[in-house]
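*Asks:* This structure is in structure tokens; I'll ask about it shortly.
Taken together, the values in this text are just the output of simple stated rules run on the coordinates, not laboratory data. These figures come from a predicted structure and were not determined experimentally. Quick reminder, even Gly has a Cβ in these numbers, built from the backbone with ideal geometry, and neighbours come from all protein chains shown.
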Amino acid sequence: MGRADCTAYLIPMKINPAATAFLFPGQGSQFVGMGRELAEAVPVARSTFEQADDLLGYPLSELCWNGPEEQLNQTEHTQPALLTHAVAALRSAKEQFPELTMASTAGHSLGQFSALVAAGALSFSDALFAVRERALAMKAAGEAQPGGMVAVLGLELEAVETVCAGASQQAEGGVWVANDNCPGQVVISGDEAALELAAERLHEAGARKVVRLAVSIAAHSPLMQVAQARLNEALNSVTIRGPEVHVIGNVGAAPLPTRAAIIEDLQSQLTSRVRWTESIKLMLASGIDTFIEIGSGSVLTGLLKRIDRSATRITIDTPETWDRI
């Protein structure tokens with residue numbers, strides 16, 4: 001069947017929606033070419049990118065599809081790009097499979113906005129506005145209070161927390177756990193001096209790898225406090241509703257059943273860790289056994305494999321991935 005016929009291509013469902021969660025990736029999953037194949041094949045995907053171009057006032061789609069990479073990797077472009085690709089993939093999948101539903105949804109950091117769109121709590125246009133403001137606020141915070149982030153592999157969360165606490169006491173500034181991604185993979189954020197000391201101590205503590213990330217901000221740490229006012233203003237200016245399905249928040253690793261709970265979690269997310277391991281475990285405990293990652297890449301299904309290898313892992317990105325449903 002040719003590309004022109006893709007939107008009529010129906011595949012029998014192989015999943016139980018009552019035991020299914022949708023996952024949405026965050027910053028770091030972007031790549032040049034993201035969404036291009038989907039937009040070429042599916043009109044609703046192309047129209048989603050066109051909508052983003054119009055709302056943002058610049059050709060985000062061209063940046064996603066053709067780069068340059070260094071520009072796509074700039075926070076103010078990366079965050080709207082990931083949201084747009086996720087929503088384009090979601091809309092395409094829903095058009096292909098009208099019966100495709102979920103019991104829960106969650107997004108990693110920025111991906112929480114995509115999850116809220118999927119849950120009917122936030123429109124795409126409002127989410128895009130909020131995400132753009134969030135990205136610009138985070139960029140400004142990084143310029144006002146420079147910092148960095150380090151990925152730590154091969155140590156458990158408690159050991160990383162102990163090292164961060166010690167480094168914060170002994171070095172100028174502070175360093176904190178930013179992401180609890182899965183067992184053996186933690187990301188820390190902080191001021192340069194404390195971050196460097198923590199990296200040294202983590203090596204000494206037996207970490208398999210300690211990798212400096214290519215960012216100049218200390219996301220999910222108190223250094224992001226500078227961005228808080230702008231994010232709060234953006235969230236207060238958009239329409240947020242109670243979700244139609246369970247949305248699991250990053251900050252508390254708990255459901256967000258109301259507008260107030262959603263706003264509180266999104267506001268706190270800037271300066272708080274992403275409790276991803278706990279979020280996934282909560283969904284597993286509620287009976288979820290199938291996780292569908294929608295959007296760019298397969299980072300989250302990779303983390304899921306480290307949390308629970310028995311769970312079914314599916315990614316939806318291009319039309320070629322639809323036969324996994």
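*Asks:* What ranking, highest mean first, results for peptides 284-293, 107-116, 130-139, 225-234 when packing means the other Cβ atoms within 10 Å averaged over each residue?
*Replies:* 107-116, 130-139, 284-293, 225-234
*Asks:* Report the FRET efficiency, 1/(1 + (r/R0)^6), for residue 205 and residue 258, where r is their Cβ-Cβ distance and R0 is 56 Å, rounded to 0.05.
*Replies:* With R0 = 56 Å, the Cβ-Cβ based efficiency is 0.85.
*Asks:* May I have the convex hull volume per residue, in Å³, for the Cα set of region 74-130?
*Replies:* 74 Å³
*Asks:* Less than 14 Å from a label point 7 Å out along the Cα-to-Cβ axis of residue 172: which backbone N atoms in region 185-207 qualify, by residue?
*Replies:* 191-197
*Asks:* Continuing with the same structure: Once you charge only the Cβ atoms, +1 for Lys and Arg and -1 for Asp and Glu, what is the size of the charge dipole of region 111-205 about its Cα centre, to the nearest 20 debye?
*Replies:* 440 debye
*Asks:* Same structure again: Taking only Cα atoms, what is the 0 to 90° angle, nearest 10, from helix 192-204's long axis to the longest principal axis of the chain?
*Replies:* 90 degrees
*Asks:* Would you be so kind as to identify which of 20, 148, 224 lies farthest towards the positive end of the dipole of the chain, taking Lys and Arg as +1 and Asp and Glu as -1 on Cβ and the Cα centre as origin?
*Replies:* Among 20, 148, 224, the one farthest towards the positive end of the dipole of the chain is 20.
*Asks:* Taking the alpha-carbon distance from residue 305 and a cut-off under 18 Å, which aspartates and glutamates remain once sequence neighbours fewer than 8 residues away in the same chain are dropped?
*Replies:* Excluding near neighbours in sequence, the set is 156, 180, 278, 289, 293.
*Asks:* By how many degrees, 0 to 90 and rounded to 10, does the Cα axis of helix 276-285 deviate from the longest principal axis of the chain?
*Replies:* 50 degrees
*Asks:* Using alpha carbons only, how many degrees (0 to 90, rounded to 10) separate the axis of helix 259-269 from the longest principal axis of the chain?
*Replies:* So the inclination is approximately 50 degrees.
*Asks:* Could you work out the relative contact order of the chain? I mean the mean sequence separation of Cα pairs under 8 Å and 6+ apart, divided by the number of residues, in percent.
*Replies:* 23 percent
*Asks:* Can you list the aspartates and glutamates whose alpha carbon sits under 12 Å from that of residue 209, skipping same-chain ones fewer than 8 residues off?
*Replies:* Hits, sequence-local ones excluded: 200.
*Asks:* Additional query: How big is region 147-212 along each principal axis, measuring the range of its Cα positions in Å and listing the largest first?
*Replies:* 29, 20, 18
*Asks:* If contacts are Cα pairs under 8 angstrom and at least 6 residues apart, what is the relative contact order of region 147-212 in percent?
*Replies:* Across region 147-212, relative contact order equals 46 percent.
*Asks:* Let me ask something else. Which order, highest average first, do 251-259, 85-93, 193-201, 306-314 follow once you tally other Cβ atoms within 10 Å for each residue and take the mean per peptide?
*Replies:* 85-93, 193-201, 251-259, 306-314
*Asks:* Taking the Cα centre of the chain as the origin and placing charges on Cβ (Lys, Arg +1; Asp, Glu -1), which of 169, 292, 271 is farthest toward the positive end of the dipole?
*Replies:* 292
*Asks:* Same structure, new question: Which value in Å is the Kirkwood Rh of region 134-270 over different Cα pairs?
*Replies:* Hydrodynamic radius (Kirkwood, Cα pairs) of region 134-270 is 15.8 Å.
*Asks:* Please report the net charge: other residues with Cβ closer than 14 Å to the Cβ of residue 25, K and R +1, D and E -1.
*Replies:* -1
*Asks:* Give me the extension gain from residue 214 to residue 286: residue separation times 0.36 nm, minus the current Cα-Cα distance, reported in nm with one decimal.
*Replies:* 22.3 nm
*Asks:* While we're on this one: May I ask for the Kirkwood hydrodynamic radius of the chain, worked out over all distinct Cα pairs and given in angstroms to one decimal?
*Replies:* 19.9 Å
*Asks:* Return the whole-Å distance between the Cα centroid of region 149-222 and the Cα centroid of region 260-325.
*Replies:* 23 Å
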